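This report concerns only the one structure given below.
The values are calculated or read from the model by the stated rules, or taken from the named source; none is laboratory data. Because the structure is predicted, anything quoted here is derived from the model rather than measured. Using ideal geometry, Cβ is built from the backbone for each residue, glycine included, and neighbour counts are taken over all protein chains shown. Side chains included, ligands, DNA and RNA excluded: accessible areas come from the protein's heavy atoms. Shrake-Rupley method; radii C 1.70, N 1.55, O 1.52, S 1.80 Å.
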Amino acid sequence: MKRVLVWVILFAMPVRSSLARHSTRSASSAQLGENTQVRAATAWFAQNLNWINEEQARLTEIPAPAFQEGQRAAAMKVLLSAAGLDVQVDAAGNVIGELRGVNEKEVVVLSAHLDTVFPAGTDVKVHHEGPRLLAPGISDNGTGLAALAAIARAIHDAQIKPLRTILFVANVGEEGEGNLRGMRALVEAYRSRLKAVVVLDGAGTDHVTTIALASRRLEVVITGPGGHSWSDFGIPNPINALVRGSVRFINTRIPASPRTTFNLGQIDGGTSVNSIPYEARLKVDVRSESESELARLESALRECMAAGVRDEMESSRDRSRGKLEWKVELLGSRPGGELAAESPLLAALRAADAIVENESRIERSSTDANIPLSLGIDAISIGAGGNGGGAHSLQEWYDPTGREMGLKRALLTLLGVADVAPEKPR
Ligand SMILES: [Zn+2]
């Protein structure tokens, strides 16, 4: 979860009329809150808080670094199967539990990512301090995974039959180098039937991410002949070229609005202080509220590096030993997108907020929701209740106090877009 910018305060308002419009056959949002089965599902949370907290701790203690989510995925498969779902693991490693709807041609996804930013070997034992649980990954995304399992169980135990098919997905590859690979594979597989995606990421009920922040990660590699610092002085030096190019890039003008950022995050190269290096590498992260600014910044990086290499070649005294080669590679790309203000998914979220008496604000962020949003599929990312902090640090914590509200909010949002058949009059 990488929340970046707070936008507008949204006051939760009842939106009965817009939900009724989007599906006249189904329960309106107000009826959803009154539906006996839905009430039974929301009551399930309060009755099973200990179980939810314990499962969260147990899942968090199963390491899940990028590309090593398998063991935690297996545990989620057991939990989702126990919720009566038909569970498969796809080629990417996503755990997909299906609850067949009346209308199987339309699919709604509730997802939570399995992976953490912590490398293998990190101590992920959960410690207790008062009401708090402490461990790397406890909140991001132990909270989301526990909520995913709890919501599936609550719907199963209340015997709710949705109108649209619901997929409960514990997905791989959300963090960093995972590059959203799990969500990419999922959306690719279900694209034609996919109506909405609700992503559970971390704690809280204070926000709803509807705007996907676009980002790119690039690596510059410059290579040359290499040699001795004294006897070969004058041949082109890849580190010199990288520094010349980097200075040009740092001086590139970027707009304050749309907000655009860059970071020279990692630099490598050379073998010793008295060797002219044969290689220099630089990793750069660029982000923007605008895809065109992002493209402009990527072009600027290429132009600056080309100029840095040219400057170094022109100033070198000895070109007989060979020239510099350079390339800029795209390591990762997260496309941007935005949920329409009048979308049924946002209406369902607002209706859920009204029922649980919550207020939430719109946020722009880089999450699994980037992928469906970039393809025009309705998607949001929300916290799954309770409070957390220290995400991506070894001091990460989670406090489950009041988590029922977040669970109810997520459940009502999900059922709002999946739809539930109205109850027969008694
Ligand atoms: Zn996360």
Worksheet item: Helix 344-356 sits at what angle to the longest principal axis of the chain, using alpha carbons and giving 0 to 90 degrees rounded to 10?
Response: 60
Practice prompt. Only bridges with both residues in the chain count here: give the DSSP antiparallel percent, nearest 5.
Written response: 70
Worksheet item: Any idea what angle helix 70-82 forms with the longest principal axis of the chain, computed on alpha-carbon atoms, 0 to 90 degrees, nearest 10?
Response: 10
Fill in: Acute angle (nearest 10 degrees) that the helix 238-250 long axis makes with the longest principal axis of the chain, alpha-carbon atoms
50
Practice prompt. Leaving ligands, DNA and RNA out of it, work out the accessible area of Ser393 with a 1.4 Å probe and give it in Å² to the nearest 10.
Written response: 30
Worksheet item: Taking all protein chains as present, what is the carbon and sulfur share of the accessible area of region 100-212, in % to the nearest whole number, probe 1.4 Å?
Response: 45
Item to complete: Using a 1.4 angstrom probe, figure out how much accessible area region 24-180 has per residue, in square angstrom, rounded to the nearest whole.
Response: 39
Discussion item. Report the gain in length on full extension from Ile267 to Ser290: 0.36 nm times residue separation, minus Cα-Cα distance, nm rounded to one decimal.
Written reply: 5.6 nm
Worksheet item: By its C-alpha gyration tensor, with a ≥ b ≥ c as the square roots of the eigenvalues, how is region 105-233 shaped: rounded for a/c under 1.5, else prolate for a/b larger than b/c, else oblate?
Response: oblate
Discussion item. Quick check for you: with a 1.4 Å probe and neighbouring chains kept, what is the accessible area per residue of region 182-268, in Å²?
Written reply: 44
Worksheet item: What length, rounded to one decimal in nm, is gained on full extension from Leu331 through to Glu219, with 0.36 nm per residue of separation minus their alpha-carbon distance?
Response: 39.7 nm
Worksheet item: Taking a 1.4 Å probe, which of Trp44, Trp397, Trp230, Trp326 shows the most accessible area, and what order do the others take after it?
Response: Trp230, Trp326, Trp397, Trp44
Item to complete: Could you please report the charge total around Val328, scoring K, R as +1 and D, E as -1 over all other residues with beta-carbon less than 9 angstrom from its beta-carbon?
Response: -1
Worksheet item: Where the centre of each part is set by its Cα atoms, how far does region 289-348 sit from region 100-132, in angstrom?
Response: 32
Discussion item. Can you tell me, using C-alpha contacts under 8 Å and at least 6 residues apart, the relative contact order of the chain as a whole percent?
Written reply: 26
Worksheet, complete the sentence: Accessible-area order for Thr252, Thr36, largest to smallest, probe 1.4 angstrom, reads Thr36, Thr252
Fill in: Rounded D (µm²/s) - region 253-335, Kirkwood Rh over Cα pairs, Stokes-Einstein at 37 °C, 0.692 mPa s
219
Discussion item. Can you tell me which of Ala306, Ala147, Ala341 moves the most in a GNM of the chain? Springs connect C-alpha atoms under 10 Å apart.
Written reply: Ala341
Worksheet item: If you stretched the chain out fully between Trp51 and Glu338, how much longer would it get, using 0.36 nm times the residue separation minus the C-alpha to C-alpha distance?
Response: 99.7 nm
Item to complete: Two decimals is fine: what is log10 I(q)/I(0) at q = 0.09, 0.11, 0.14 Å⁻¹ for the chain, from a Debye sum with one equal scatterer on every Cα and no solvent?
Response: -0.60, -0.82, -1.17
